[in-house]
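The values are calculated or read from the model by the stated rules, or taken from the named source; none is laboratory data. Because the structure is a prediction, the values reported are computed rather than measured. Every residue, glycine as well, gets a Cβ built from its backbone with ideal geometry; the counts of neighbours run over all protein chains shown. The protein model used for the area step is the full one, side chains on, heavy atoms only, and it has no ligands, DNA or RNA in it. Shrake-Rupley method; radii C 1.70, N 1.55, O 1.52, S 1.80 Å.
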Amino acid sequence: MTRGISWRDLRTPEFLVGALLVIFISLGLALVAALGQLTGFFLYLLVSAVSLVLLRWLPVEPGRLLSRRSIRRALILSMAGVCGLLAAMPNQLATWYVLPLLALICCNILLGRATQRVSAAPDREVDEWQEKMRNRAHVVAYRLLAIVVLGLAGAYVASYTIREWMAQSFGVWAVLAELLFFLPAMVLAWMQPDPVVEPAPRSLRATWLRRIIFTAVAAELLLPVISGLALLVVPPQISTTVRAAGNQSQRCSYLGATETVGLVLQATLPISAQVCWTGSRAFEDWGMNQSDCEAAMTSGLVATTVSCHRQLLTDGTLYFRYTTRLESPAIPFIWRDFPLTVAVSRTGRLVQFP
């Protein structure tokens, strides 16, 4: 079944669908870029979508390791453990969902290689033995799925605790989606004997294409982790604006600052306020309240306001400081605090900004 990529493959419906997806994604990328809204995170999502389309089109084979039944069954048990972890996690731990989801994506890619995607392959690409195994796997899988769904439905009706748990856990629905789409392949991988297929030669073109696509997918899976670690070392980019404001009876200044933090996964932390002074004290006109201590935009990072404090010092200086904690969902146990500070003297001099 495994073979090199030929020009005949370009006329198959699967390739045409993939090509259309790549074209639409490219057009969407061009449109977003033209509108000036192309963030690094959005570009990352688009490139990842294209890579997954190419990965789906690429011919697969299990290799020596995944051809062994013990390895395939260990993979299925690992996937079951990840699904159990997802189902047990409440929404209060939403920032931790990315870790098991990334692990599940990696397992699904390995599952596709282990089974050569026989469970979803067109009839023309499978032989009689593979079709027989696939039909048996679908029967077993949907019986198991029916048992799971009926069990959850019964528990949902019978127990208020179960209803509350299902309402508060995104992981339950992620696990149900995983079982709906991948349970037949999991059953097939569990049932297949050793070896699955005999090794087949590949063309040089197919070999390099395979290496490029798998390298791209591996880099995309690692990028959220690398971007989270970059929070610890990459300095933020700060832009500031200071201009006179107010009327003739007031001496005021408008203070604006934007702090951009992160690589690919980014957050924008703003200050926008108007400060006035009388010579004996400085005071806030607007923009230094609890509601102003919020991130303007987060692209893949989780932002939490740690502190928001405004104070008039004894010498008449107005002091305002708010601190935001940023963390990557891929590694939520690592974070960094980013403070923004404004200090204006009673005569209007900027003591500290930002």
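With a cut-off of at least 1 residues that are open to solvent by 30 Å² or more (accessible area, probe 1.4 Å), in contact with an Asp or Glu (Cβ under 6 Å, 6 or more places away or on another chain) and of a type outside the set (A, V, I, L, M), name the strands (runs of 3 or more DSSP E) lying wholly within the stretch 305-354.
Details: elements: 318-327, 335-344, 350-352.
Correct list: 318-327, 335-344.
Based on what the data block shows, is Val225 more than 22 Å from the chain's Cα centre (by Cα), touching a residue at least 12 places away in the same chain (Cβ under 8 Å) and not in a loop (DSSP other than H, G, I, E, B)? Show your work before the answer.
Working: more than 22 Å from the chain's Cα centre (by Cα): no; touching a residue at least 12 places away in the same chain (Cβ under 8 Å): yes; not in a loop (DSSP other than H, G, I, E, B): yes.
In short, no.
What about Ala296, is it of a type outside the set (S, T, N, Q), surrounded by fewer than 17 Cβ atoms within 10 Å (Cβ to Cβ) and within 26 Å of Ile334 (Cβ to Cβ)? Reasoning before the result, please.
On the way: of a type outside the set (S, T, N, Q): yes; surrounded by fewer than 17 Cβ atoms within 10 Å (Cβ to Cβ): yes; within 26 Å of Ile334 (Cβ to Cβ): yes.
When the stated conditions are applied, Ala296 passes them.
Could you grab me the full set of residues in the stretch 215-231 that are open to solvent by 40 Å² or more (accessible area, probe 1.4 Å) and touching a Phe, Trp or Tyr at 6+ places or on another chain (Cβ under 9 Å)?
Residue satisfying the conditions is Leu223 alone.
Being of a type in the set (A, V, I, L, M) and modelled with pLDDT of 85 or more is the filter; apply it to the stretch 182-203 and report the residue that is surrounded by the fewest Cβ atoms within 10 Å (Cβ to Cβ).
Filtering the stretch 182-203 down to residues of a type in the set (A, V, I, L, M) leaves 183, 185-189, 191, 196-197, 200.
Those left that are additionally modelled with pLDDT of 85 or more: 183, 185-189, 191.
Values: Leu183: 20, Ala185: 24, Met186: 26, Val187: 24, Leu188: 26, Ala189: 28, Met191: 15.
Selected residue: Met191.
Could you say whether any residue in the stretch 73-86 is at pLDDT 85 or above and more than 19 Å from Val175 (Cα to Cα)?
For the stretch 73-86, residues at pLDDT 85 or above and more than 19 Å from Val175 (Cα to Cα): absent.
Go through Glu125, Glu178, Glu131 for me and flag whichever is at pLDDT 80 or above, over 30 Å from Pro90 (Cβ atoms) and of a type in the set (Asp, Glu). Let's see the steps before the verdict.
Details: Glu125 fails: at pLDDT 80 or above; Glu178 fails: over 30 Å from Pro90 (Cβ atoms).
Being at pLDDT 80 or above, over 30 Å from Pro90 (Cβ atoms) and of a type in the set (Asp, Glu) holds for just one of Glu125, Glu178, Glu131, which is Glu131.
When only residues in the stretch 161-181 that are in contact (Cβ under 8 Å) with a residue 40 or more places away in the chain, open to solvent by less than 70 Å² (accessible area, probe 1.4 Å) and assigned to a helix (DSSP H, G or I) count, which is nearest to Asn108 (Cα to Cα)? Walk me through it before giving the result.
Narrowing the stretch 161-181 to residues in contact (Cβ under 8 Å) with a residue 40 or more places away in the chain: 165, 168-172, 174-175, 178-179.
This time we only want the ones that are open to solvent by less than 70 Å² (accessible area, probe 1.4 Å), so: 169, 171-172, 174-175, 178-179.
With assigned to a helix (DSSP H, G or I) added as a condition, the list becomes 171-172, 174-175, 178-179.
Numbers: Gly171: 17, Val172: 18, Ala174: 13, Val175: 13, Glu178: 9, Leu179: 11 Å.
In this case the residue turns out to be Glu178.
Within the stretch 137-179, count every residue that is aromatic (Phe, Trp, Tyr) and over 29 Å from the mean Cα position of the chain (by Cα). Full working, then the answer.
Of the stretch 137-179, the ones aromatic (Phe, Trp, Tyr) are 142, 156, 160, 165, 170, 173.
Next, only the ones that are over 29 Å from the mean Cα position of the chain (by Cα) stay: 142, 156, 160.
Number of matching residues: 3.
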